[in-house]
Each structure stands twice: as C-alpha cells, then as structure tokens.
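Down below is the structure, laid out as structure tokens.
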Amino acid sequence: MDNEEKKFGNLFPTGHIPIILTNIVQAGKTLRKKTPNEIENRLTRRLCKKLNQLPPFRDGPLSIHPQQEILSPDPDIDTPEGYIDILVSCEYGSEIYFAIEAKRLRVRSTSGKGKMDAGNDEYVNKGMMRFVTGQYAPLMVTGAMLGYIFDGDIEKACSGVSGYIDSKIKELKLIAPKKLSKSGILSSNEIYETRHNLKARGFTLYHIFLSV
C-alpha cells in the first residue's frame, strides 16, 4: 500500500473501472433521447436501468445509485449538498465509490432557428469542476464524465470539449499531458481521460461520449 492509499484509506478498486466503462458503452449503444432536448436526468435513469440488466450490476459486486445525494458532514444540516448523477458502489464503505457526472452536448433548441448549444461550458464548469473542487469523490482518485451527444456527432463533441478544456488548464489543475487524451484503460473503446493535481492527490477523470 503506498502513501496515498494510507492517507485516504481504501480506494475504489481500479480493476472495477474498465468493467464500469465497458458496460456504460455497451448500454449506451441503445440509449436514445425521447425528445430533442430531453434533460439528462431522464436519460441517466434509463441508462441505469439498462446497466442493472448487465451481469456486473445485476449479480454484483457493483451497485448503481442514480441521483445519489451528497450529505453534508455536519449532522445538523438536513439538506443535501448536491447530487451525483451516477454513483457506483462495491463492497466497501459509503465513501468508497466511483462517481459519474452526466451532461448534455450539442443540443439544438426547439425554438426559433434551432440554435446549437455545444454544452462545453456546462460540461467543464458544472461537471469536471465538481471533481476538482472535491464536491464529488473527495477521498477518491478516479471518477468519470459522461457526455450525451444529442446530434450524434461524437467527433465534434470531443473537439469542442477538448478546446474548452485547453482554455481552463489552470482552473482544472491539469497535469501532463494537460489535455483531453485517449485513455489506455480500454483499447477497444473510445474512452478519454484528463489528469489533475488536486490537494495531496492525483486524480484521473475518464470521459465517455454517447450518441443519443
């Protein structure tokens, strides 16, 4: 056990992470929006239902928890500090989990001329930053972002997110290679990653893009 593991106690088992990512990609192949600008929470609920039908979640050791409340450390506060879109737990305690934050990308408005909202600002500033600030997974060293691509153009979505990340290197506390890069965790799937230097810990954020 290295010093980082000693400081933060048990970490989410790294061997589970490729399984989670693989199954999200598999379940996401048949996930489709029901309206042109459907909110991500509804898509996420349907995705979780699909995941629960797959062996690692149906039979264990992994469990899916959509829209999981983040409880305040102050026992006198009875309102949540936020919600994690998807929390994956295993056999360890309540603070040992793999958090996934979902955002919409390339959503076209149904009003007027149908202006495109790339969603990059929301993805980075209200998604990735929640891991960087420690709102999500404060004791973990891994997590994931999930982008629902509404127009199906994964290449443009990745390019847009990547460009926005490039403009936020300092705020995101990126470390080498300081950009959105292909991840080696799954050679057969389009999984990306960014690496961050948080307080006393390195953090790897995986990025999954699903065409819906």
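Values in this text are rule-based calculations from the coordinates and carry no lab data. A quick note: this is a predicted structure, and the numbers were derived from the prediction, not measured. Here the Cβ is made from the backbone with ideal geometry for all residues, glycine too, and neighbour counts use every protein chain on show.
Annotation for the stretch 129-154 versus the stretch 162-191: alpha-carbon center distance of 12 Å.
Counting neighbouring Cβ atoms within 10 Å and putting the fewest first, the residues HIS196, HIS207, HIS65 line up as HIS65, HIS196, HIS207. Helix 40-51 against the longest principal axis of the chain: what's the angle in degrees, Cα atoms only, rounded to the nearest 10? Rounded to the nearest ten degrees, it is 60. Ordered from longest to shortest, the equivalent ellipsoid semi-axes for the stretch 28-71 are 21, 16, 5 Å, each the square root of 5 times a Cα gyration tensor eigenvalue.
Amide hydrogen proximity for ILE175: with H placed 1.01 Å from N in the peptide plane, the residues at 5 or more positions away or on another chain lying under 5 Å are ARG195, HIS196, ASN197.
Phi angles across the stretch 169-183 convert, under the Karplus curve 6.51 cos²θ - 1.76 cosθ + 1.60 with θ = phi - 60°, into 3J(HN,Hα) values of 4, 5, 4, 7, 6, 5, 10, 3, x, 6, 6, 6, 10, 4, 8 Hz, Gly and Pro given as x.
Expressed to the nearest 5 percent, the antiparallel share of DSSP beta bridges inside the chain is 65 percent.
Modelled spin-label separation between ASP117 and ALA176, with each label point placed 7 Å from Cα along the Cα-to-Cβ direction: 3.9 nm. On C-alpha positions alone, give me the angle between the axis of helix 154-166 and the longest principal axis of the chain, in degrees, nearest 10. Once rounded, the angle reads 60 degrees. Counting only the Cα atoms, the stretch 30-142 fills a convex hull of 131 Å³ per residue. Couplings 3J(HN,Hα) of the stretch 54-66, computed from phi: 8, x, x, 9, 5, 9, x, x, 9, 10, 9, 10, x Hz, in residue order, whole Hz [Karplus 6.51 cos²θ - 1.76 cosθ + 1.60, θ = phi - 60°; x for Gly and Pro].
Once backbone amide H atoms are built at 1.01 Å from N, SER183 has ILE191, TYR192, GLU193 as its partners under 5 Å, excluding neighbours fewer than 5 places away on the same chain. In the chain, the longest principal axis of the Cα atoms and the axis of helix 17-28 are about 20 degrees apart.
Any idea what diffusion coefficient the stretch 3-211 gets from Stokes-Einstein, in µm²/s, Kirkwood Rh on alpha carbon pairs, 25 °C, 0.890 mPa s?
Answer from the Stokes-Einstein relation: 139 µm²/s.
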